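Single-structure report; data block below.
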Amino acid sequence: MKTPQNLNLIGFASGIAANNPDCALGPWYLYYHPSLFASLSFKTHWHAMVQTTSLAYGHAVLPLAEQNLSELAQVVLPLAENNQAFCVVGGDHSSAIGTWSAVAHANRVRGAIGLIWIDAHMDSHTPETSETQNIHGMPVAHLMGHGVASLCQLLDKAPKVMPEHICLIGIRSYQAGEAALLAQLGVKIYFIEEIRARGIEAIFKEAQEYVLQNTCGFGLSIDLDGFDPLDAPGVGCREVGGIDGQAFLKAVQANLNKAQFLGLEITEYNPIRDINAKSAQLLVEIINAVYG
């Protein structure tokens, strides 16, 4: 995917799957602060804004979340089918179910897709292992076909990402149930300790090579809480430590395989908790590193 003349931004203005309404404000903050995008070497265009609110939480929001994620998938699908550059901006990380279901469906004729997942958390619960039943803790499992059938089968019934084609980077907070599922499936995980020891550039380069094995391309799904809170304080759930923001930007700029890149998603931006717009600026810098 070449540097776009016009990047399609898709807002996922929803925090219902996280029981955190503040993350729903993230896309709107960016929408109303266009000056944040002024430094980009290309134009941005708000293609769509998928939004919803709810007083319910946990399992009770499932019908609304299904509707939400289906709408997001339908927005992303034609862009993915036509190889148009896009970035989904969230919102809680349940968005990944809609985003990557669309990208996988659009590329079925070409082959399987790979996915690099940047996050402090595994997001790999199923309803059987989750204490909160919040769907934002479940997208990785659902993309691999484990969980609520309606969410696993968005657009088509096949799993959207195979376990051998996904790679998690930055993990430092998780529960036993989700860790057991990933271990059972053999999913590759780079915990934060390994990143500190080897550096994010080496990890990112290796992860990219890994997810491109036997796939037609790969996407990047980023939860801002994967980064150190000093770099990204405005997130849904801060976790101590994390990936160095500037080091990550350099790693992407130096190593991203743009020819086989399928799309970008950046989630969990919470403007209420941001400090001096640090997280918003990092988000835009990530977009520039990927597409610039």
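Here, each number is a calculation from the coordinates, and none is a lab measurement. As the structure is a prediction and not an experimental result, all values here were calculated from the model. Because the Cβ atoms are built from the backbone with ideal geometry, glycine has one as well, and the counts that use them run over all protein chains shown.
Just to be sure I understand: of the beta bridges DSSP finds with both ends in the chain, what percent are antiparallel, rounded to 5? Don't skip to the answer; put the middle values down first.
On the way: 1 of 38 bridges.
Counting DSSP beta bridges with both partners in the chain, the antiparallel share is about 5 percent.
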Along the charge dipole of the chain, Cβ charges K/R +1 and D/E -1, which of Gly145, Ala180, Ile16 sits furthest on the positive end? Gly145
MRE, 222 nm, helices only [DSSP H, n ≥ 4, -39500 (n - 2.57), over the chain, to nearest 500]: -10500 deg cm²/dmol
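About the Cα centre of the stretch 1-109, what is the dipole size in debye to 20, counting +1 per Lys and Arg Cβ and -1 per Asp and Glu Cβ, all else neutral? Write down the numbers at each step before the final one.
Numbers: 3 positive and 5 negative charges, 71 e Å.
Taking the Cα centre of the stretch 1-109 as origin, the dipole is about 340 debye.
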Residue (of His136, Pro27, Ile113) at the positive-pole extreme of the chain, dipole from beta-carbon charges: Ile113
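Please state the charge dipole magnitude for the chain, taken about the Cα centre, from unit charges on C-beta atoms (+1 on K and R, -1 on D and E), reported in debye and rounded to the nearest 20. All intermediate terms of the calculation are to be shown ahead of the outcome.
Working: 16 positive and 27 negative charges, 157 e Å.
Taking the Cα centre of the chain as origin, the dipole is about 760 debye.
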Between Glu206 and Gln84, the FRET efficiency computed from the C-beta separation at R0 = 30 Å comes out, to the nearest 0.05, as 0.55
Where does the Debye-calculated log10 I(q)/I(0) of the stretch 112-173 sit at q = 0.29 Å⁻¹, using only Cα point scatterers of equal weight, no solvent? -1.26
Over the stretch 1-138, what is the relative contact order in whole percent, taking alpha-carbon pairs under 8 Å and six or more residues apart? 33
Any chance you could run the full-extension gain for Arg108 through Trp28? It's 0.36 nm times the residue separation minus the Cα-Cα distance, nm to one decimal. 25.5 nm
Full-stretch length increase - Glu131, Ala158 - with 0.36 nm per residue and alpha-carbon distance subtracted: 7.0 nm
P(r) of the chain over all Cα-Cα pairs, 5 Å bins starting at 0, rounded to whole percent, reads 1, 6, 14, 19, 22, 19, 13, 5, 1, 0
Which of Val109, Val240, Val76 fluctuates most in a GNM of the chain (C-alpha springs under 10 Å)? That residue is Val109
Which whole DSSP H helices in the chain pass both tests: a Cα extent of 18 Å or more along the axis and a mean Kyte-Doolittle value no lower than 0.5? 62-81, 278-291
Which residue, Asn82, Asn19, Asn255, tops the fluctuation ranking in a GNM of the chain built on C-alpha contacts under 10 Å? Asn82
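Take every Cα pair under 8 Å in the stretch 6-291 that's 6+ residues apart, average their separations, divide by the length, and report that relative contact order as a whole percent. Show your work: numbers first, answer last.
Working: 646 pairs, mean separation 61.5, N = 286.
With pairs under 8 Å counted, the relative contact order is 22 percent.
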Under 23 Å from the Cα of Lys258, which lysines turn up, not counting those fewer than eight places away in the same chain? Lys2, Lys43, Lys160, Lys188, Lys205, Lys250
Could you give me the ³J(HN,Hα) list for the stretch 256-263, computed from phi with Karplus coefficients 6.51, -1.76, 1.60 and θ = phi - 60°, whole Hz, x at Gly and Pro? 4, 7, 5, 5, 10, 8, 10, x
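Compute the Cα gyration tensor for the stretch 116-235, then decide on rounded, prolate or oblate, letting a ≥ b ≥ c be the square roots of its eigenvalues: rounded whenever a/c is under 1.5, prolate when a/b is larger than b/c in the other cases, and oblate in all that remain. Don't skip to the answer; put the middle values down first.
Values: a/c = 1.77, a/b = 1.23, b/c = 1.43.
Oblate is the answer for the stretch 116-235, as a/c is 1.5 or above yet b/c matches or exceeds a/b.
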Read phi for every residue in the stretch 235-241 and hand back ³J(HN,Hα) as whole Hz from Karplus 6.51 cos²θ - 1.76 cosθ + 1.60, θ = phi - 60°, with x for Gly and Pro. 10, x, 9, 5, 10, 4, x
Whole-angstrom gap from the stretch 157-207 to the stretch 9-81, using each part's C-alpha centre: 25
